[in-house]
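The values are calculated or read from the model by the stated rules, or taken from the named source; none is laboratory data. Just so we're clear, the structure is a prediction, and the values are computed from it rather than from any experiment. Positions of Cβ are backbone-derived with ideal geometry, glycine not excepted, and every protein chain shown enters the neighbour counts.
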Amino acid sequence: MDAPRHWMRLYEITFRRNALSNLSEKLASLSPERRKLLAAHLRGNVSEVPPVMAVPPGQLRWSAQQEQMWFREQTGGDPSEHNLVYRFLLHGQVDDDRLVAALRATVSRQSVLSAPQGRHATVPRADFHVRTVDATGSAPDSVLSEVLRTESAHPLTLENQLLARATLVHCSEDRRLLVWTVHQAAWDARSVAIFMREVAAAYQSTTAGRDLELSYSDFSHWQYEMLSRRGDALRKWWSANQYSGVSLPPDRPRRDRGDDGPLRGLTSARICADVASSGVTSALAEVGRAVGVDVPTVVFGLLALLVSRWNQQDEVTIGWTGDTRPGEQFGDVIGPFSNVLPVSISIDPAAEVPAFLSTVRTRVSRAVEHGHLPFAQIASAMNPREPGTNPIIKLKYGYENSEVAVTAVDLGGCRMALEAVHPSATDVDVSFVVRERDGGLDLLASYRDDLFDRASLESFVDSLRELLRSAAQDDGTPLGHLGIVTDRQSDALARLANGGDSTKAAGETVLEAVYQHATSRPGSEAVRYGGRGYTYEEILTDARAIADALVAHDVGPGARVLLLSSQSPVAVSAVLATSMVGAAYVPLDIEAPAARLASIVQKTDAAALVMGTDVSREQARELVGDSLPVIDPQAERRAPRAGVGWAPQTLPTPDDTAYVIFTSGSTGVPKGVVVSQRACLHFCHEFATAFHTRPDDRVLAFARPSFDVSVFEVLATLYAGAAICIATVEQRRDPALLADFMRHEKVSIAELPPALMPRLGGEYPDLRIISVGGEAFPGSLVEDWTRIGREFWNGYGPTETAVGVTLMRCEGQWFTSPPIGRPIPGLRAYILDAHDQLLPPGAIGELCIAGPSLADGYLGEPALTARSFRSVPAVGERVYKSGDLVRWRPDGNLDFYGRNDRQVQVNGFRVELSEIEQVLSAIDGIERVRVEFLDLPALGRSLVAFVVPAAQGTGPDAATLREEAANQLPEYSVPRRFIPLYDVPLTPNGKVDRSALEEILARQDTGSFGEVEHVLSATERRLAEELIGPALGIRNPDPDAGFFELGGNSLQAAQIVGGVVEKFGVPLTIADFFQNPTIRGLAVKVEQAADPVISSSYVDSSP
């Protein structure tokens, strides 16, 4: 019987006989590994812990860690990714022969440094050679650099007999550099100190050293036996924990998978910094000791807390690097004993440090208790949803105590010191290694330099240092209020936030600037529409006529005027007319459902309604009844009279309201945003200045008047004295017609939805500026639209901040959506956490905006106004809390990260998911609805409604739900998919499990609109299989169902029309398609256009 097994049996007998005698003395005398066995015995699973035994010499087995590395080597990638390169400085009198002999003795004694030729094989000892390089010449640094480059690039593989090599660089008579390269399959962090002690002992010894009692291969055998006994139980435990790793916000897009599989050999860079003084470290130890938590766990918990606050997430998973040596008998053995364990930490910002650390201790202890399962098997057991990547652990943590973090040893007349560890490939985004040094703590952060700039990691490390200092005070401060911003970071934030001084505007209101242009250039074109131009004089004359009609109905300063019109010259004049009388215009979307318009009218308390040319008086009366005067601009129109017809009698003041635009509301009722003349002017002036808008510019008017981009297209254009080119409804819907319009009208500035831009083919020689905003978009659009020197601008701005608050001119190649830029002059942009505290550069938080562009608030909503517009002590001024998540990039621009609530952007329109849920939940037969914005095949990001029917019922079908939603919501707010559920899945913390909903969506049959095998003609089949089905992500679309009933929208209708022209070679317009938007109806149109004989057969020939 081997010694450990014999001891274990004796101990079991002794324990049974003398359980109650001298128990405390016996427990105190046990070594750590024997205590571990005793604990296993008390848990009743002593049989699951195999004994450690020495196997016959030469009989080598690879551990699971080595097996995994061998597999990665065999499946491709850069073979040098497993190289670890260390640089040791030897200072003093060095005997080269003795040093070489010491290195050979170390390699011989540590058998893991010699790899078997294949698995489970017996191999002979290989000779270990040390290369010598002379660097005593004139350029020692270049010689050393070349040595390091060669060592990093030349791979060590598990097919070699040796897994280490050494190069001795002669720098001077008393200075040598030892470059030690070793394969990760033979090494871990603890191996560095063992190696240094081994070399020192061998160098100073005159006799051959004794062989180790145990080798790494003995551990491999032990691990194999342990996994055969406990592997199933360990895998079961880990499979019950579905963690998803969190990283830090990257500075560049992630590319973890190439065309041929996972990327390998991702390079890393390093940052070394002290993060805690000896005093702070001692204080942290005391805080932990009070709740039974050691320093490594304290630092791990605080790191998790900082990651949580950095990402605005209340649960984070970080890899805990543990030592899987089964006992101290392996304490002098070199090898890859370390294992990485996913540890998930929940963060309660209101908790105090001691209670939080107790929770962290529990989580870490549970993971370590099940930590002998190798990480590759842990990942497999947890069933990651992203094959080819590592979704479980993106951040890794390790702690090296003073015993492991040995930095120097004495060789006798010479000192050997670890000078540097050179960056190697990394399999995580950032690896944090905390080391004890001189009573304090140092941090080594190795990070993927393809993802992060150094400045981002430096900011994070600075904040960690501040957090450790703050937590060490243990003064009862809640976790969410512990300091993470240094004085240096505060100074940087002040510089980043400031958009600079405002430039001087032309007048105090937009209307005043428009008057100036009309006075100096009355005959210049202000509007282009329907193939003709309208001068500034004409537009203002019509505006004055409307204003006189408003005054006749007692409409004056402070009133609100409804505008029911699509974009047109009349609508432009009506906007100016409301300003002339000091009133505000309230645009209504003529394409919105009647119920939505009625709710807006009810909230507005308007004094009048101005109708457009595309609205009948009957429609207007149906909306407002007889309670409001309805003004028809056509009836009020008068002939221009050389300035007299439009000359101002009064001008609005900067404090007057310019407009009220209604947006989606979380309560299910739209909310009106009240914007002053001052805010409107500031926006118009700064954007016109940024774009260098000139009087000879022609600006496309594409947006509906009810969308705040129309303020840019109309008022900012008139402010600059340029001309508005208004696209008709048909032109907006049809990309081909829109493209022709833009070319014919010589449009020079255009703001367009990103989803539409790829469909606008051809050249636009007059277009000098293209602008997007309000949503993420493919970065490739930048290169596509800037090839001939055109400017491409990305902007951002909620309706509550007068359209736009940040801008960035985008150039070059972008592989992801570009940043949203910096605040425009006059504004400040702050990034705050949930407690209104400033966050460090690089951290994600809520964008809060201050300055003259802020709206006055929400119409008739004082409580909501107080919540969203308020003074924040941390910044010392009134801000608008946008709810949008952003962070400062190292280049000083803002990256956009979505919302901190349930608001999304759909084709540039702001949509509250809760509003859709309220509408759908009110339908009979529905118990609960959850709406998410998810990726759909062929459709991209789309609204999806998960519907739980009432008890004992099946609930309405998708067509009914879609119809009910369309009756109350704008088109862009109607979900594209309706998925029935028995119940909405929840996480263990009781939150909606979005990942589970994504899986449910992925499993849904894309032919869910019916399994009927439809009888189709050849044309119908081509339309279904090549156009309609792929565009909507539907495998078997109903040929008689309407396109919009199937979930299509106007942009996709344009895509279908373009596809018909391309595939069938026949002319077709959007209007043709809308006449009968079904597959069968479209097929008839195609066949008619393709064959005049067929077309004539449809002509009524009856007498």
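Points worth noting:
- Count of residues meeting criterion [within 23 Å of E686 (Cβ to Cβ) and in contact with a strand residue (DSSP E or B) (Cβ under 6 Å, 6 or more places away or on another chain)] in the stretch 499-525: 1
- Per this entry, S921 is counted among residues that are in contact with a strand residue (DSSP E or B) (Cβ under 8 Å, 6 or more places away or on another chain) and without any contact (Cβ under 8 Å) to a residue 12 or more places away in the chain.
Table: residues versus (1) surrounded by 23 or more Cβ atoms within 10 Å (Cβ to Cβ); (2) touching a Phe, Trp or Tyr at 6+ places or on another chain (Cβ under 9 Å); (3) charged (D, E, K, R).
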position	(1), (2), (3)
F707	no, yes, no
E730	no, no, yes
I749	yes, yes, no
L752	no, yes, no
P758	no, no, no
G761	no, no, no
P765	no, no, no
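- Elements of the type strands (runs of 3 or more DSSP E) sitting completely within the stretch 741-798 and holding at least 3 residues that are of a type in the set (F, W, Y): these cover 791-796.
- Test: residue in the stretch 144-157 that is within 14 Å of P336 (Cα to Cα), out of contact with any strand residue (DSSP E or B) (no Cβ under 9 Å at 6 or more places or on another chain) and either of a type in the set (V, I, T) or not in a strand (DSSP E or B) (or both): no
- Pairing each residue of the stretch 686-697 that is assigned to a helix (DSSP H, G or I) with any residue that is surrounded by fewer than 19 Cβ atoms within 10 Å (Cβ to Cβ), provided the two are 6+ apart or on different chains, yields C-beta distances under 9 Å for E686/S502; E686/T503; E686/P825; T689/T503; T689/P825; A690/R809; A690/P825.
- In the stretch 245-285, the residue that is modelled with the lowest pLDDT out of those that are surrounded by fewer than 18 Cβ atoms within 10 Å (Cβ to Cβ) and among the polar types (S, T, N, Q) is T267.
- Among the candidates P890, P970, the residue that is surrounded by fewer than 22 Cβ atoms within 10 Å (Cβ to Cβ), out of contact with any strand residue (DSSP E or B) (no Cβ under 9 Å at 6 or more places or on another chain) and in contact (Cβ under 8 Å) with a residue 40 or more places away in the chain is uniquely P890.
- Sole residue being part of a loop (DSSP other than H, G, I, E, B), among the small types (G, A, S), within 30 Å of P296 (Cβ to Cβ) and touching a His at 6+ places or on another chain (Cβ under 9 Å), chosen from A506, A425: A425
- Qualifying position, being over 32 Å from the mean Cα position of the chain (by Cα), under 30 Å from V879 (Cα atoms) and surrounded by fewer than 22 Cβ atoms within 10 Å (Cβ to Cβ), among G439, G476: G476
- Scanning the stretch 161-171 for residues that are out of contact with any His (no Cβ under 8 Å at 6 or more places or on another chain) and more than 16 Å from L99 (Cα to Cα) turns up Q161, L162.
- Cβ-Cβ distances below 9 Å connect the following pairs, each with a first residue in the stretch 196-213 that is surrounded by 14 or more Cβ atoms within 10 Å (Cβ to Cβ), a second residue that is polar (S, T, N, Q) and at pLDDT below 90, and a separation of six or more residues or different chains: M196/T407; G209/S108; L212/S111.
- Cβ-Cβ contacts under 8 Å between residues 6 or more apart (or on different chains), taken from a first residue in the stretch 569-586 that is under 15 Å from Q634 (Cα atoms) and surrounded by fewer than 24 Cβ atoms within 10 Å (Cβ to Cβ) to a second residue that is of a type in the set (F, W, Y) and modelled with pLDDT of 95 or more, are listed as P569/Y529; P569/Y534.
- Strands (runs of 3 or more DSSP E) completely within the stretch 840-958 that count 3 or more residues being within 25 Å of R252 (Cβ to Cβ) and at pLDDT 85 or above: 845-850, 877-888, 894-899
- Taking first residues from the stretch 513-525 that are closer than 19 Å to P569 by Cα and partners that are aliphatic (A, V, I, L, M) and assigned to a helix (DSSP H, G or I), the Cβ contacts under 6 Å between residues at least 6 apart in sequence or on separate chains come to V514/L718; A518/L540.
- Helices (runs of 4 or more DSSP H) wholly inside the stretch 550-646 that include at least 2 residues being under 48 Å from the mean Cα position of the chain (by Cα), more than 24 Å from A723 (Cβ to Cβ) and not aliphatic (A, V, I, L, M): 594-604, 617-624
- Scan of the stretch 308-329 for residues that are part of a helix (DSSP H, G or I) and buried (at least 24 other Cβ atoms within 10 Å of the Cβ), ordered by number: R309, W310
For every residue, the table says whether it meets (1) touching a strand residue (DSSP E or B) at 6+ places or on another chain (Cβ under 6 Å); (2) at positive phi; (3) among the β-branched types (V, I, T).
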| site | (1), (2), (3) |
| --- | --- |
| Y534 | yes, no, no |
| T541 | no, no, yes |
| G556 | no, no, no |
| L564 | yes, no, no |
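- Scope the stretch 806-828; condition in a strand (DSSP E or B) and either farther than 16 Å from P890 by Cβ or charged (D, E, K, R) (or both); matching residues: T806, L807, R809, C810, R822, P823, R828
- From the list L1016, L1023, the one residue that fits, being part of a loop (DSSP other than H, G, I, E, B), at pLDDT 75 or above and farther than 20 Å from L961 by Cα, is L1016.
- So G876, is it touching a helix residue (DSSP H, G or I) at 6+ places or on another chain (Cβ under 8 Å) and closer than 15 Å to A497 by Cβ: no
- Tabulated pairs, the stretch 769-795, first farther than 20 Å from V906 by Cα, second part of a loop (DSSP other than H, G, I, E, B) and at pLDDT below 95, C-beta under 6 angstrom, 6+ apart or interchain: V782/W814; E783/Q813; F792/T786
- Residue match in the stretch 420-443 (condition: farther than 21 Å from A185 by Cα, outside the structural domain of L168 (by TED's automatic domain parsing) and touching a Cys at 6+ places or on another chain (Cβ under 8 Å)): yes
- Looking across the stretch 548-562, the residues that are buried (at least 24 other Cβ atoms within 10 Å of the Cβ) and either touching a Phe, Trp or Tyr at 6+ places or on another chain (Cβ under 9 Å) or farther than 24 Å from A518 by Cβ (or both) come down to V561, L562.
- Only one of V948, V944, V911, V904 that is in contact with a Ser or Thr (Cβ under 9 Å, 6 or more places away or on another chain), buried (at least 17 other Cβ atoms within 10 Å of the Cβ) and of a type in the set (V, I, T): V911
- Here the condition is being hydroxyl-bearing (S, T, Y), touching a residue at least 12 places away in the same chain (Cβ under 8 Å) and assigned to a helix (DSSP H, G or I); of Y224, Y243, it holds for Y224 alone.
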